[in-house]
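To start, the structure itself, in structure tokens.
No lab work stands behind these numbers, since they all come straight from the coordinates. Keep in mind the model is a prediction, meaning the values are calculated, not measured.
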């Protein structure tokens with residue numbers, strides 16, 4: 001039996017690290033984000049739109065093995081802020 005807190009299949013080993021979040025977004029959402037984009041406004045990122053945030057929420061929940069707060073993710077303006085909002 002799989003634990004509720006176990007990372008989902010294909011999840012990066014460490015979402016506690018910003019690089020782990022970037023890897024997750026690149027692999028799960030077919031994005032091409034780099035660390036130098038961590039502080040750019042989300043709407044300035046290539047391929048980013050409001051619907052993508054719902055896919056981010058689902059990918060984070062699967063990877064972290066727990067529910068995430070959509071309200072917290074909605075307030076994030078950058079990838080770094082999005083990472084801070086992730087519940088591990």
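Just a few scattered comments:
- When Rg and the Kirkwood Rh are both derived from Cα coordinates, the Rg/Rh ratio for the stretch 38-88 amounts to 0.94.
- Stokes-Einstein translational diffusion, the chain - Kirkwood Rh over all Cα pairs, 0.692 mPa s, 37 °C, in µm²/s: 254
- Our summary gives the stretch 38-88 a relative contact order of 45 percent, counting only alpha carbon pairs under 8 angstrom and 6 or more residues apart.
- Helical mean residue ellipticity (222 nm; -39500 (n - 2.57) per DSSP H run of 4+; nearest 500) of the chain: -13500 deg cm²/dmol
- Helix 50-64 axis, angle to the chain major axis (alpha carbon atoms, nearest 10°): 30
- Acute angle (nearest 10 degrees) that the helix 18-29 long axis makes with the longest principal axis of the chain, alpha-carbon atoms: 90
- For the pair residue 35 and residue 67 in one chain, pulling the backbone fully straight at 0.36 nm per residue adds 9.0 nm over the alpha carbon distance.
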